[in-house]
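Below: one structure, written as structure tokens.
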């Protein structure tokens, strides 16, 4: 940007210095104090129109305010030969000889310093300006000449995690979180302001921030996350101990603690827990709509609940389903496995279809209808009201009942790109069927891309968690505790899949 | 005309004008309005060349579209806030 001003401005500065600009800027553009505001209110009007006008300019040569619209400032410039004026909206200097605004380094600095000072006192908002290194920063950069260049083959952001005793469940979630694009941007931009002043070393968000620093430091030696583990044990007691825990449970517990520790930063969160604006809610929270339709009067009762993840059944057709009809309504594409009633293979889309289909609740589970005022047989349907920026799908592979605990190893094929359009609430029609014709134009806004997969190997008694994460848009890596190795997309898509992480492909304004 | 002046003065004196401006700025950024116009302005500069465009040119070209594309919700909200402010001012 040309910060040399113009010849006319330079000659003005030689004659009158920077004081005229300083005064105008401080009194009428910053106008921080109560007194200054009063002065501004009383004197900022066009001297010709005798009233306040948009794009007022203050003459730098004399005390005159003129508007731009009716060209009163132009006229003043011409008549009095006062060629310089300051626009009162932004502090830009107009040179009528040059016919345009001119930008002068010295004046820009004065303006910026005045604003910064006023912003420090909380009187005025500091404007966002591009980073200009200070002399101290330039010196630092010169003293540390080593630069890290990010190339295609760069491994920055990849780091192994030491297993501290069955902590592979934690390691996988940490890998997934450190590779969640928006979360990464948030922490690398140092956006977290710790709310726990008394014991900052108890803040899980601060620890997460430090973790991101560790991952992006370029250090290749595996990181030992003992502090993170300790904090998790402290804040989520149910996860404490050296036993193998469920990665999904850890994920939800971690999000919950981070969400709680973020609170207080953004307004409105104290009164309404559902409207928290913390980074976790911004990224992970979606809205799940539940519609219960009374079979008698057709009245629909709707509730919307926030969610951080979607837990999906794999298509088991056992006695858990109340309605015998559902046995034949199986939507899985694979054959039924005789003894266990689990299909041999299914797809993520099928699981989602099953999740969002209208379900008849059965005569033993009548719901009170608000219109009829008595218990009626109803159908219930779940659909996505609001999609989160990052969607986590949890495949329910672990069955716990009084009789047994077992793992369902059904292969679930999941895509690299997922379109959630057909599972949205907006697609639900009166019959409760979702319009799922293939010919529909898929909305850009509902398209998701896979970026992390957490896998569980082994049985429910002794197992091990590993994960795949995506780096640089199309490079995949396998994370097995301390061991990071390159992987192919096919390997990822062929893996069993327990937790699937997708992020929205296109971010849109609301 | 007198009333308009009085209102404007009150807004500036109390600092409410700055607050409202800030709020408006945020809303217009959040709904993408500013970025759309930025793109438009950049296109104009690209087409004509940076040497051949003045700030006044840009303002003249961009303003009609800018005014027309302010979302109704934003207008409504600002109007409501100004009304609320005025109702709280004694003697106006």
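The values are calculated or read from the model by the stated rules, or taken from the named source; none is laboratory data. Note that the structure is a prediction, hence the values are computed from the model and not measured. As a convention, Cβ positions derive from the backbone with ideal geometry for all residues, glycine included, and neighbour counts pool all protein chains shown.
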Of the residues in the stretch B:58-72, those that are touching a residue at least 12 places away in the same chain (Cβ under 8 Å) and either within 23 Å of residue B:11 (Cβ to Cβ) or in a helix (DSSP H, G or I) (or both) come to B:58, B:61, B:62, B:65, B:66, B:70, B:71
Determine whether the stretch A:72-86 contains at least one residue that is within 14 Å of chain B (Cβ to nearest Cβ) and touching a helix residue (DSSP H, G or I) at 6+ places or on another chain (Cβ under 6 Å).
yes
Filtering the stretch B:48-57 down to residues that are more than 27 Å from residue B:12 (Cα to Cα) and either modelled with pLDDT of 95 or more or within 19 Å of the chain's Cα centre (by Cα) (or both) yields B:57
Going through (1) on the phi < 0 side of the Ramachandran plot; (2) in contact with a helix residue (DSSP H, G or I) (Cβ under 7 Å, 6 or more places away or on another chain) one by one, residue A:103 fails only at (2)
Exactly one of A:63, A:102 is closer than 19 Å to residue A:21 by Cα and buried (at least 17 other Cβ atoms within 10 Å of the Cβ), and that residue is A:102
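A quick yes/no check of all residues on (1) under 30 Å from residue A:6 (Cβ atoms); (2) modelled with pLDDT of 90 or more:
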| site | (1), (2) |
| --- | --- |
| A:71 | yes, yes |
| A:155 | no, no |
| A:158 | no, yes |
| A:172 | no, yes |
Check: Within the bounds of the stretch A:130-150, is there any residue that is surrounded by 15 or more Cβ atoms within 10 Å (Cβ to Cβ) and assigned to a loop (DSSP other than H, G, I, E, B)?
Finding: no
### Message
Kindly evaluate residue A:350 against the criterion of being at pLDDT 90 or above and either at positive phi or surrounded by fewer than 15 Cβ atoms within 10 Å (Cβ to Cβ) (or both).
### Response
no
By residue number, the members of the stretch A:67-82 that are in contact (Cβ under 8 Å) with a residue 12 or more places away in the chain, more than 46 Å from the chain's Cα centre (by Cα) and not in a loop (DSSP other than H, G, I, E, B) are A:72, A:73, A:74, A:75, A:76, A:77, A:78, A:80
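Yes/no per residue for (1) assigned to a helix (DSSP H, G or I); (2) away from chain B (no Cβ under 12 Å); (3) free of Cβ contacts under 8 Å to residues at least 60 places away in the same chain:
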| residue | (1), (2), (3) |
| --- | --- |
| A:13 | yes, yes, no |
| A:26 | yes, yes, no |
| A:29 | yes, no, no |
| A:32 | no, no, no |
| A:41 | yes, no, yes |
| A:48 | no, yes, yes |
Scanning the stretch A:50-65 for residues that are in contact (Cβ under 8 Å) with a residue 12 or more places away in the chain and within 14 Å of chain B (Cβ to nearest Cβ), the one nearest to residue B:6 (Cα to Cα) turns out to be A:53
So, first residue within 14 Å of another protein chain (Cβ to nearest Cβ) in the stretch A:96-123, second residue surrounded by 17 or more Cβ atoms within 10 Å (Cβ to Cβ) and in a helix (DSSP H, G or I), Cβ within less than 7 Å, six or more apart or across chains; the pairs are A:96/A:77; A:102/A:9; A:115/A:30; A:118/A:30
Might you let me know whether the stretch A:2-9 holds any residue that is part of a loop (DSSP other than H, G, I, E, B), within 13 Å of chain B (Cβ to nearest Cβ) and surrounded by fewer than 16 Cβ atoms within 10 Å (Cβ to Cβ)? yes
Restricted to the stretch B:73-88 and to residues being more than 16 Å from the chain's Cα centre (by Cα) and surrounded by fewer than 15 Cβ atoms within 10 Å (Cβ to Cβ), the residue nearest to the other protein chains (Cβ to nearest Cβ) is B:86
Checklist entry - Quick check, is residue A:92 over 27 Å from residue B:63 (Cα atoms), surrounded by 14 or more Cβ atoms within 10 Å (Cβ to Cβ) and within 14 Å of chain B (Cβ to nearest Cβ)? => result no
Taking the stretch A:50-60 and keeping only residues that are closer than 23 Å to residue A:115 by Cα and part of a loop (DSSP other than H, G, I, E, B), one is left with A:54, A:55, A:60
Flag for residue B:48 being under 30 Å from residue A:27 (Cα atoms), more than 12 Å from chain A (Cβ to nearest Cβ) and free of Cβ contacts under 8 Å to residues at least 24 places away in the same chain: no
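One line per residue, one yes/no per condition, for (1) loosely packed, with under 13 Cβ neighbours inside 10 Å; (2) within 8 Å of chain A (Cβ to nearest Cβ); (3) touching a helix residue (DSSP H, G or I) at 6+ places or on another chain (Cβ under 6 Å):
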{"site": "B:8", "(1), (2), (3)": "no, yes, no"}
{"site": "B:17", "(1), (2), (3)": "no, no, yes"}
{"site": "B:31", "(1), (2), (3)": "no, yes, no"}
{"site": "B:39", "(1), (2), (3)": "yes, no, no"}
{"site": "B:42", "(1), (2), (3)": "yes, no, no"}
{"site": "B:60", "(1), (2), (3)": "yes, no, no"}
{"site": "B:68", "(1), (2), (3)": "yes, no, no"}
{"site": "B:71", "(1), (2), (3)": "no, no, no"}
